[in-house]
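Presented below is the structure to which this report refers.
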Amino acid sequence: PDSSRCHRKAHKEIMYYMDPKPLAKMLHELKINPEAELVNMSSPKWKHQEMYIRAKAFKSEMQYDFIQWPHPNRFNDPWRQGYLFCKPEGTIVGACSFVREGKEDQPYWTLDWVWVAPKERRKGHLRNRWKIFKQKFGDFHLSHPVSDAMRSFVIHQGDGFLLAPST
């Protein structure tokens with residue numbers, strides 16, 4: 001019984017982000033806030049939790065050593081901004097994070113990671129936001145290593161120059 005209960009709990013946690021359902025909080029946010037997908041220091045804790053869940057999924061899938069978004073109870077980074085990829089009905093299907101780096105006289109933004117639920121990949125979630133990201137963050141850098149899928153995506157967008165490592 002204990003093993004079955006643990007299995008069901010783990011399965012439920014994984015399915016939460018792998019096969020996401022609409023969230024009432026996100027739907028409400030989408031209706032009242034034009035920047036509802038943005039997550040920064042002033043965002044509510046639940047949004048940070050949603051970012052953290054997707055960052056954990058990214059860590060697991062890419063076999064990284066650490067989670068690339070601070071725990072919701074410890075978020076205090078003014079130079080980190082995240083975006084939740086949402087469908088109009090309030091389903092969060094992915095997320096990405098930007099980090100401001102560089103020296104004070106030459107700061108730049110880096111796209112640190114992107115994760116989209118497998119069933120939602122290749123449906124335009126990143127592509128539909130790409131121009132907005134370019135407007136907001138300029139010619140941002142990409143955190144390395146860059147996956148083959150991301151490399152292909154960036155080249156397809158005509159932004160292959162972003163693949164050059166930061167100096």
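Laboratory data are not the source of any read-out in this text; all were calculated from the coordinates shown. Quick caveat, the model's predicted, so the values are computed rather than measured. Cβ: placed from backbone, ideal geometry, glycine included. Neighbour counts: every protein chain shown.
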Checklist outcome for this item: The value for the chain (convex hull of the alpha-carbon atoms, volume per residue, Å³) is 140
Checklist entry - DSSP loop trypsin sites (Lys or Arg not before Pro) in the range 57-140 with at most 12 other Cβ atoms within 10 Å of their Cβ, which ones? => result R122
Item to check | DSSP-loop chymotrypsin sites (Phe, Trp or Tyr not before Pro) across the range 16-48, with at most 16 other Cβ within 10 angstrom | outcome: none
Checklist entry - Which value in nm describes the separation of the simple spin-label points at H156 and N33, placed 7 Å from the Cα toward the beta carbon? => result 3.0
Checklist entry - When the distances between all Cα atoms of the range 39-88 are binned every 10 Å from zero, what whole-number percent does each bin get? => result 26, 55, 19, 0
Checklist entry - Taking only Cα atoms, what is the 0 to 90° angle, nearest 10, from helix 2-18's long axis to the longest principal axis of the chain? => result 40
Item to check | Across K45/K136; K87/K123; K9/K47; K47/K123; K87/K119, pairs whose alpha-carbon gap is larger than 19 Å | outcome: K45/K136; K9/K47; K47/K123
Checklist outcome for this item: Checking the range 63-144 for GluC sites (Glu not before Pro) in a loop per DSSP with at most 14 other beta-carbon atoms within 10 Å yields E89, E104
Item to check | Partner aspartates and glutamates for K103 [C-alpha distance under 17 Å; skip if fewer than 8 residues away on the same chain] | outcome: D77, D139
Item to check | Rg and Dmax [Cα atoms of the range 63-125; Å; Rg one decimal, Dmax integer] | outcome: 13.9, 42
Checklist entry - To the nearest 20 debye, what charge dipole does the chain have about its Cα centre, counting +1 at the Cβ of each Lys and Arg and -1 at the Cβ of each Asp and Glu? => result 620
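Can you compute the FRET efficiency between W46 and M18 using 1/(1 + (r/R0)^6), with r the Cβ-Cβ distance and R0 = 22 Å? Round to the nearest 0.05.
E(calc), rounded to 0.05, equals 0.70.
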Item to check | Degrees between helix 45-62 axis and first principal axis of the chain (Cα, 0 to 90, nearest 10) | outcome: 80
